[in-house]
Amino acid sequence: MIERYDRPHTFFFVDPPYWGCENDYGKDVFGREDFAHLADLLAGIQGKFLLTLNDRPEVRELFGAFRMEPVSLKYSVNKDAPTQAQEVMIRNY
């Protein structure tokens with residue numbers, strides 16, 4: 001989809017499975033090696049992107065060429081026991 005719709009005026013919000021959760025969308029849908037492919041693809045686009053991932057050393061290393069901002073938040077799917085989490089917002093603008 002990114003290659004097909006990439007234009008200078010295009011904005012992509014990219015929300016892949018988080019690192020360590022690659023099978024959450026189904027087995028073999030998105031693998032660990034796809035993170036490197038995604039980083040390479042995003043490095044060459046004409047448009048802008050915002051990518052969210054869990055804050056892991058591997059994520060910071062793979063996407064280190066881009067601007068990265070850490071974000072603290074709570075996952076609140078379980079309203080009785082929200083979980084503190086750390087994510088990064090990665091962007092090329």
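FRET efficiency for the Tyr18 to Lys79 pair, using the beta carbon distance and R₀ = 25 Å, is estimated at 0.75. In sequence order, the range 21-33 has phi-based couplings of 10, 4, 8, 4, 9, x, 5, 6, 7, 9, x, 4, 5 Hz under the Karplus curve 6.51 cos²θ - 1.76 cosθ + 1.60, θ = phi - 60°, and Gly or Pro positions carry x.
Evaluated at q = 0.19 Å⁻¹, the base-10 log of the normalised Debye intensity for the range 2-91, with identical point scatterers placed on the Cα atoms, takes the values -0.95. Sorting Met68, Met1 by the number of Cβ atoms found within 10 Å of their own Cβ, with the fewest placed first, yields Met1, Met68. Shown in residue order for the range 44-59 are the 3J(HN,Hα) couplings computed by the Karplus curve 6.51 cos²θ - 1.76 cosθ + 1.60 at θ = phi - 60°: x, 7, 7, x, 10, 9, 10, 10, 10, 8, 5, 7, 10, x, 5, 5 Hz (x for Gly and Pro).
Mean separation of Cα pairs under 8 Å and 6 or more residues apart, divided by the residue count, gives the range 2-91 a relative contact order of 29 percent. By the helix-only formula, in which each DSSP H run with n ≥ 4 contributes -39500 (n - 2.57) and the sum is divided by residues, the chain has a 222 nm mean residue ellipticity of -5500 deg cm²/dmol. Amide hydrogen proximity for Trp19: with H placed 1.01 Å from N in the peptide plane, the residues at 5 or more positions away or on another chain lying under 5 Å are Asn54.
If you add up the charges near Arg56, with Lys and Arg at +1 and Asp and Glu at -1, over every other residue whose beta carbon is less than 12 angstrom from its beta carbon, what do you get?
So the surrounding residues net to -2.
Rule-based calculations on the coordinates, nothing more; no lab input. Treat the numbers as computed from the prediction; the structure is a model and nothing was measured. Quick reminder, even Gly has a Cβ in these numbers, built from the backbone with ideal geometry, and neighbours come from all protein chains shown.
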